[in-house]
Amino acid sequence: METVAPAGLRLLSVSRVALAPALPPRQMPVDNGSNVKVKLSFLDVPWVATPPVQEVFLYEKGGGAEYGGMVKRLKESLAASLALYLPLAGKLAYVQETRDIVVDCSDPGVAFFEAEALAGCMDLSQPASDDDDVPAVELASLVPEHDARVLPAPVMVVEATRLNAGLALGVSVHHAVVDGRAFHLFMDAWSSMSHGGASSPVTNKPLSPPNYSREAIAHPSSDELAHEVLSKVAPNLPLANTMEEDDYMSQRYRLRHRTFLLGADDIRTLKRHIDGLERSPSGGVVMANKPVSTFVALSALSWAAFVRAKGLAAGEDTYLVFQVDLRSRLRPPVGAGYIGNCVRGCIASVDAGELLGDMGLLRASRAIQAAVKEAVAAPLDRIGAWMERLIALPAARQANVGGSPLFRVYQTADFGFGMPDKVVPLSMAGSPETTTCYHGFGNDDHGGRIVLSGGKRDGEVRLSVSLHLVLMDAFKNNINNIPIRSRL
């Protein structure tokens, strides 16, 4: 792995965090990792060609003498949590004989980079407020390079960077092994282990027992379906992604990132506004009057703002792509502690003109609800067909929503030295909905990725958007024009 520090940083060390040697029996996985190979399911393989998902957690503490102690605590608790969440310590590998992608855990461990910012560089110890643009070109160096273009490749890498008066924790993980819910379960376990201490890794709250057996998701043609999807997304295995290295790594900061914070009052007002539109004289009957959820309301808000920022017009179809969690919707249901991808893609579509008028938020909400209803009615029916439809969608008229308001990213990143002061979803383009193996790269059409997550306070939601620089101000202005109480 490359060990040269980016400009502005000094690389202090690169070590390997192995699994903790012992855990209480009730917390041990079924296998200790000596011979475990987890074959990816048909719900995992659509993400094989995508660059890893990366997040940066910024803490005001940790810039001085505290740095060494905080890193030691992070490493010890990481070792303890990896013993439970084994696939994150493995390598993504291609088995040519069977044409399967597996997570090879025969030699488990995670590379841990330690670095420090040089004097006068990367002064991020006082991070900008949530509604300011993120200097992504600087933040990108706070996560180590994680090149998964050729298999085998590590599932996860971590970097801890000492800033002038703070600490940055960068985590990079391959989406083919975990979805958003699984990743946040792992982060919750890691931080809980840090509170308990590696010598006595009893968590301070109950955690769902992790399960990473892909047999939990039953399908009569699972292997055939996985191979069919792989042939479309990664036809040249073990070469998973054909992008040049510069483009592959730099996609982390080609687009502009901005995060908007909506409080509980903002969201309640927005939801009431949307539900009220259906009862207005011009609302018409779009669908049965079902109250909108927080996810639907914020996705509709983002979609409408995207369409206006792009300058799309009546007569042009526009699309919103998102994932729906299937854990409780499968029969039999998959347990809450499932560590893998258990989501299905949904595509909502309306004429752009329908999102431009006063009823735009209502039209968007009902289209999203209809897409969810169709997906959950038969969760695994024609599960591979959405990928083919997705490939055919015009990138310029497509927005994408990921994450969930239920992901408490600040609380799950409290390792005992306080919640982070800022959390940045850095590689927001890293998804099968927007990755270059489907749409090409380097043009202004690329963008429109929105990530939702919980804020620090109860009921708060962070709406992070990744767009081309020339569209960002228009996106913000269109959100601000929505009649809600807002601090944007």
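The values are calculated or read from the model by the stated rules, or taken from the named source; none is laboratory data. Note that this is a predicted model, so its numbers are computed, not measured. FYI the Cβ positions are ideal-geometry reconstructions off the backbone, even for glycines, and counts take in every protein chain you see. Protein only, heavy atoms only, side chains kept; ligands, DNA and RNA dropped before computing areas. Shrake-Rupley method; radii C 1.70, N 1.55, O 1.52, S 1.80 Å.
What's the ranking of 290-297, 223-230, 168-175 by average number of surrounding C-beta atoms within 10 Å, highest first?
For the peptides 290-297, 223-230, 168-175, the packing ranking is 168-175, 290-297, 223-230.
Round to the nearest 10 and report in Å² the accessible area of Ser328, as given by a 1.4 Å probe over the protein chains' heavy atoms.
Rounded to the nearest 10, the figure is 80 Å².
Going Cα to Cα from Lys37, which lysines come in below 28 Å? Please leave out same-chain ones fewer than 8 positions away.
Correct list for Lys37: Lys75, Lys91, Lys232.
For each pair in Lys61/Lys422; Lys290/Lys373; Lys271/Lys456; Lys310/Lys476, compute the distance between the two Cα atoms and list the pairs where it is over 19 Å.
Pairs exceeding 19 Å: Lys271/Lys456.
Report the extension gain between Leu406 and Asp381 in nm, rounded to one decimal, defined as 0.36 nm multiplied by the number of residues separating them, less their alpha carbon distance.
Stretched out fully, the Leu406 to Asp381 stretch lengthens by 6.3 nm.
R0 = 41 Å: FRET efficiency of Asp107 with Val470, Cβ-based, nearest 0.05?
0.30
Counting pairs of alpha carbon atoms under 8 Å apart in space and at least six apart in sequence, what relative contact order in percent does the stretch 324-364 give?
Relative contact order comes out at 31 percent.
Quote to one decimal, in nm, the extra length available between Ser15 and Val150 on full extension: 0.36 nm per residue of separation minus the C-alpha distance between them.
Full-extension gain reported as 46.4 nm.
Enter the accessible area of Leu185 (Å², nearest 10), with the probe set to 1.4 Å and all protein chains included.
For Leu185, solvent-accessible area is about 40 Å².
Label Asp275 and Leu118 with points 7 Å out from Cα along Cα→Cβ: what is the distance between them in nm?
Here the answer is 5.6 nm between the modelled labels.
Order 382-391, 231-240 from most to least packed using the mean count of other Cβ atoms within 10 Å.
Sorting 382-391, 231-240 by mean packing, highest first, produces 231-240, 382-391.
Amide H of Gly448 versus every other amide H placed in the peptide plane: which residues, excluding those fewer than 5 positions away on the same chain, fall under 5 Å?
Ser466, Leu467, His468
Sort 145-155, 38-48, 309-319 by the packing proxy (mean of other Cβ within 10 Å over each peptide's residues), most packed first.
Ranked from most to least packed, the peptides come out as 38-48, 145-155, 309-319.
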